[in-house]
Amino acid sequence: MELTVRPQSPLVESGSFVTGAEAEVIHVRWLPMREMTGPAMARCLTLLDPDERARAGRFVFEEDRSAFIAAHALARVMLGALGRRDPASWRYVAGQHGKPEVAPWPGPAGLRFSLSHARTCVACVVGWNTDLGIDVEAERPQLSPVDLADRFFAPAEAAIIRAAPPLQTRAFFLALWTLKEAFIKATGEGLTRSLSSFSFSLSPPAITLEAGESDAPNWHFLQFRTEANHFIAVAARSPTARAVRFDARPAQPSELAVLAE
Ligand SMILES: CC(C)(COP(=O)(O)OP(=O)(O)OC[C@H]1O[C@@H](n2cnc3c(N)ncnc32)[C@H](O)[C@@H]1OP(=O)(O)O)[C@@H](O)C(=O)NCCC(=O)NCCS
């Protein structure tokens, strides 16, 4: 199973972000929190709108607050690069079940995104006219993968966990978990959808939907483990049967800083 993506080029570069003819490109970036300095965090905060700042202020733990701020700043920088607008200018509205969308929604531009924050890593995906979901999870030594899979996953997924090589049980679990989270975030259903109502297989990731759900061919998935051992999955539902291309790389704090100035 291929779970690692190697670092590539920076977030904003000539030709990295595209519109129009290449609208099927899905841009994925992640940012390990250990790389975020105090000044970088301060600049991230300047990008957020009043509502985001108020929400940031309500976190009890500093790690959660920092991850929230970094994730929301990353989303704004990526939206700004793709939509060619000031990152601080974006406004959001809550879609069905609370999924954030770029305002006005539904709007003519069709710029979509999803973000995820764990304490040690944040991630974001942006693209045009595509339902998107992303999830990042840190490795957790205390996980009980078999018990959790039996409780929350579809039977076929629980069978994958039971059949996994003993040293890779947690990795297989986190691969499936992130895919499931990315999927329910892309549909916007969140946890209103039963996690056992669909199932994933791995290598490559593929979904089996319930009878009556016929859009499985329009779904595209990416799942990998970063060099710092974070598990990331992305789900993308294209409105057409066209192939999508995932452009996935780590973001650099310096790029956030440049755009925040
Ligand atoms: C909200 C949820 C969609 C994801 O939550 P999460 O994995 O805890 O958190 P993430 O950091 O990955 O994502 C949170 C972001 O998702 C977005 N979001 C919120 N509701 C959403 C929805 N209905 N659909 C899509 N995205 C949503 C928001 O941007 C939110 O960030 P914000 O709160 O900073 O604005 C939901 O699935 C949830 O609460 N999951 C709990 C995790 C769990 O128990 N999973 C079991 C898997 S086996």
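Every number in this text was worked out from the coordinates using simple rules, so none of it is lab data. Note that the coordinates shown come from a computational prediction; the quantities given were computed from them, not determined experimentally. Reconstructed Cβ throughout: ideal geometry from the backbone, glycine too, with neighbour counts over all protein chains shown.
Each of Ala42, His117, Gly133 was scored by the projection of its Cα onto the charge dipole of region 20-260, and the greatest displacement toward the positive side belongs to Ala42; charges sit on the C-beta of Lys, Arg, Asp and Glu. Remark on region 19-178: hydrodynamic radius 17.4 angstrom, per the Kirkwood mean of 1/r across alpha carbon pairs.
Summed over qualifying helices (DSSP H, 4 residues or more, each -39500 (n - 2.57)) and divided by its residue number, the chain shows a 222 nm mean residue ellipticity of -10000 deg cm²/dmol.
Where in region 65-85 is the amide nitrogen less than 17 Å from a point lying 7 Å along the Cα-to-Cβ axis of Arg55? What the label zone holds, given the 17 Å backbone N cut-off, is 65-80.
Of the peptides 71-81, 110-120, 28-38, 242-252, the ranking by mean beta-carbon count within 10 Å, highest at the top, reads 71-81, 110-120, 28-38, 242-252.
Using Cβ point charges alone (K and R +1, D and E -1), the dipole size of the chain about the Cα centre works out to roughly 200 debye. Here the extension length gained between Thr208 and His97 equals 37.7 nm, from 0.36 nm per residue of separation less the Cα-Cα distance.
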